[in-house]
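**Student:** The following block contains the structure, expressed as structure tokens.
The values are calculated or read from the model by the stated rules, or taken from the named source; none is laboratory data. Given the structure is predicted, the values throughout are model-derived calculations rather than measurements. Backbone-built Cβ (ideal geometry, glycine too); neighbour counts: all protein chains shown. Heads up: the accessible areas ignore ligands, DNA and RNA and are worked out on the full protein's heavy atoms, side chains in. Shrake-Rupley method; radii C 1.70, N 1.55, O 1.52, S 1.80 Å.
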Amino acid sequence: MAVQSGVYRGVSAEDRASERRARLLAATLEVWADPEQRTTMTAVCSAAGLTERYFYESFRSLDDALRAVLDSVATEIEEVTQAAAEAAGQDPVSQATAVLEAFVRFLTDDPRKGRVAVIEAGAMPALRARRTEILRDFGHRSAVDARDRLGLPHRSAHEEEIAGLLFIGGMAELVTAWLDGALEATPEEIVATAGKSLLALYA
């Protein structure tokens, strides 16, 4: 029975819409990360168990939903790596290692997120610019963080951009090969090699 203010069975209309959006985001990730399945709005709605009416309640288009997933993954990566750095203590090398370990653990815990952010987004024209923007932002952050944590002298913004893109671009290619199965490596090997690369590049 419907009641006033859009509350139904104790749940507000706003909360129901938020729950549907979360289901659609989870379904978009699931469908998009499956290389055997075409990423369509119909497939996403089917996976979410919702009709297209509810899809358009949350998103303007399929590209809008894909971008929301990409942004969500980028935010998660930023949050888990920042938390790892803060928990690692004051030693800059320990902080850098903790960040890389957190990033690799994020990928191993849910490889779908790494696949859509690093691999699939780059293959879609509508998302390629956003993926590039995110990578450039991560590159800038890695350069500034490395400089500050290692106590290095300030470089020009141009030098930091080059160094950051070189590291993040290399990491993206490494992760792509790893997730695709083209590279056999343990998480520990990836962290160790990436850590040496990071320290050599910035120090």
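**Student:** Looking at the structure I just gave you, is GLU159 within 19 Å of VAL73 (Cα to Cα) and either at pLDDT below 90 or open to solvent by 30 Å² or more (accessible area, probe 1.4 Å) (or both)? Before the answer, list the steps.
**Tutor:** Working: within 19 Å of VAL73 (Cα to Cα): no; either at pLDDT below 90 or open to solvent by 30 Å² or more (accessible area, probe 1.4 Å) (or both): yes.
Criteria not met by GLU159.
**Student:** Of ALA22, ALA43, ALA13, ALA26, which residue is free of Cβ contacts under 8 Å to residues at least 24 places away in the same chain and surrounded by 18 or more Cβ atoms within 10 Å (Cβ to Cβ)? Quick ask: steps written out before the conclusion?
**Tutor:** On the way: ALA22 fails: surrounded by 18 or more Cβ atoms within 10 Å (Cβ to Cβ); ALA13 fails: surrounded by 18 or more Cβ atoms within 10 Å (Cβ to Cβ); ALA26 fails: surrounded by 18 or more Cβ atoms within 10 Å (Cβ to Cβ).
Just a single option satisfies the conditions, and that option is ALA43.
**Student:** One residue is enough: does the stretch 100-112 have a residue meeting the conditions within 17 Å of the chain's Cα centre (by Cα) and polar (S, T, N, Q)?
**Tutor:** Checked against the condition, which is being within 17 Å of the chain's Cα centre (by Cα) and polar (S, T, N, Q), the stretch 100-112 yields at least one hit.
**Student:** Kindly indicate whether any position in the stretch 191-203 is outside any loop (DSSP other than H, G, I, E, B), over 22 Å from ARG67 (Cα atoms), modelled with pLDDT of 90 or more and open to solvent by 30 Å² or more (accessible area, probe 1.4 Å).
**Tutor:** Yes.
**Student:** When you go through (1) under 30 Å from SER197 (Cα atoms); (2) under 17 Å from the mean Cα position of the chain (by Cα) one by one for ASP34, which number turns out not to apply?
**Tutor:** The failed condition is (1).
**Student:** Continuing with the same structure: What number of residues in the stretch 141-183 are among the hydroxyl-bearing types (Ser, Thr, Tyr) and either free of Cβ contacts under 8 Å to residues at least 40 places away in the same chain or farther than 27 Å from ASP91 by Cβ (or both)?
**Tutor:** Selection size over the stretch 141-183: 2.
**Student:** Could you list, in sequence order, all residues of the stretch 180-190 that are in a helix (DSSP H, G or I) and hydrophobic (A, V, I, L, M, F, W, C)? It would help to see each step written out before you state the result.
**Tutor:** First, the residues of the stretch 180-190 that are in a helix (DSSP H, G or I): 187-190.
Residue satisfying the conditions is ILE190 alone.
**Student:** Here is a check on your reading of the model: is ASP34 over 24 Å from GLU120 (Cβ atoms), charged (D, E, K, R) and either at pLDDT 85 or above or in a loop (DSSP other than H, G, I, E, B) (or both)?
**Tutor:** Considered against the rule, which asks whether it is over 24 Å from GLU120 (Cβ atoms), charged (D, E, K, R) and either at pLDDT 85 or above or in a loop (DSSP other than H, G, I, E, B) (or both), ASP34 comes out as no.
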